[in-house]
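Shown next, in structure tokens, is the structure this report addresses.
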Amino acid sequence: MISDEAGAVTFEAIPLEKSSLISLNNLRRLRRLFLESQADLLCTYNFGSIEAVIANRAGPNLPHVHHEDGFGPDEAGGRQKPRRALARRFLLGRSLLTTPSTVLEKIAVEIWRIPASRVRRISVGIDVMRYRVEPQRSEGVITVGALGALRREKNFERLIRCFSAASEGRKARLVIYGDGPERPVLENARAASPARDRIFLPGATLRPEQALAEFDIFALSSDTEQTPISLMEAMAAGLPSIATDVGDVRLMVGDEGADFVIAPENEQAYAARLGELIDDAELRARLGAAARERATIFDQSAMVAAFRALYLEAIRADA
């Protein structure tokens, strides 16, 4: 969201060719744009913007901040494509690079070999108060919930399997809010589940705080994450969580919630821990209260201040 106080903001669509790595036409178009822009700073995001990095190096050489926020399923579990790692190593060594997690920070320094002095870790932030709403939970049934784009790396199919095992003989239902390319896969997984009548895929929501208010337990089942925003939101809402041990999730939940951070491949343990949460109201209340208190560290004001300082640092270093 861009505040009205930010002043004049313009957006320009840039038609680019899809390429496996580099298109000369894209480089020429981007270089011309940067030369004409009279910009003070170039910000690029993830590997898909690498052509913009090359065009800048060959053209105006603007002060540059590159942002990396995670990977798709092809690079889950720390796997790195050698060509991408080499490109980052040679093209980003003179830029400032920001990551949201300790895991990605380590990859940037140790695998991409970006000088540590040029890497900054800035945690994602949220509007914590937005998620502190009154619970709207169903009586007599425990709702396990998830929020997120229905993409392969989120692995909601795993959550359906684990819920199916955990909820056997228990009064519980699973609600997954979101939409995306994996919906047909998840519909099939639901249809095949013995808990099919208690699994719901209501689609995307513009009011995540209201969705979270319906949940008794928040579940994250991803193969890859860095600092998942949905988990921050759930913690701010005072929900106990169960999550796969990816990215900085264990650090995010702290000691109180660490027993419910499970290795992604250990679905049996995930289902068993989920069953514990479904059964134990006192445990849910204790973990939820601890999560709500801890969520204050995710307030977006710290993130905004850190990015402002980073951008000014980049501009001043080039002055």
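Things to note:
- Note on the chain: dipole from Cβ charges, positive end direction compared against L201, V53, Q300; the farthest Cα belongs to V53.
- In terms of its C-alpha gyration tensor, region 128-297 comes out rounded, because the ratio a/c of the largest to the smallest axis stays below 1.5.
- Simple label model, 7 Å out from Cα along Cβ direction - R130 to Q268, nm: 4.1 nm
- Based on Cα contacts under 8 Å between residues 6+ apart, region 128-297 shows a relative contact order of 26 percent.
- With a cut-off of 13 Å between beta carbons, the residues surrounding D179 carry a summed charge of +1, where Lys and Arg count +1 and Asp and Glu -1.
- In this simple spin-label model, placing a label point 7 Å from the Cα along the Cα-to-Cβ direction at both R316 and K81 gives a separation of 3.8 nm.
- Distant-in-sequence amide H partners of R121 (H built 1.01 Å from N, under 5 Å): T99
- Two-site FRET efficiency, D279 against L35, from Cβ-Cβ distance with R₀ of 51 Å, rounded to 0.05: 0.20
- In degrees, nearest ten, helix 183-192 long axis to first principal axis of the chain (Cα): 20 degrees
- Furthest towards positive pole of dipole, A269, A234, Y177, structure part region 128-297, Cβ charges: Y177
- Principal-axis tilt of helix 267-279 within the chain, Cα atoms, nearest 10 degrees: 60 degrees
- Per-residue ³J(HN,Hα) for region 30-36, Karplus 6.51 cos²θ - 1.76 cosθ + 1.60, θ = phi - 60°, Hz, x for Gly and Pro: 5, 4, 4, 4, 5, 5, 7
- 24 Å Cα cut-off, lysine pairs counted over the chain (separation 8 or more, or different chains): 4
- Cα shape, the chain, gyration tensor, a/c 1.5 rule: prolate
- With θ taken as phi - 60° and the Karplus curve 6.51 cos²θ - 1.76 cosθ + 1.60 applied, the whole-hertz 3J(HN,Hα) list for region 245-257 is 7, 10, x, 9, 4, 4, 5, 4, 7, x, 4, 4, x Hz, x standing for glycine and proline.
- Normalised by the number of residues in the chain, the average gap of Cα pairs under 8 Å and 6 or more apart makes the relative contact order 17 percent.
Readers should treat all values here as calculations from the given coordinates under stated rules, not as data from a laboratory. Nothing here was measured: the structure is a model prediction, and the numbers come from that model. Here the Cβ is made from the backbone with ideal geometry for all residues, glycine too, and neighbour counts use every protein chain on show.
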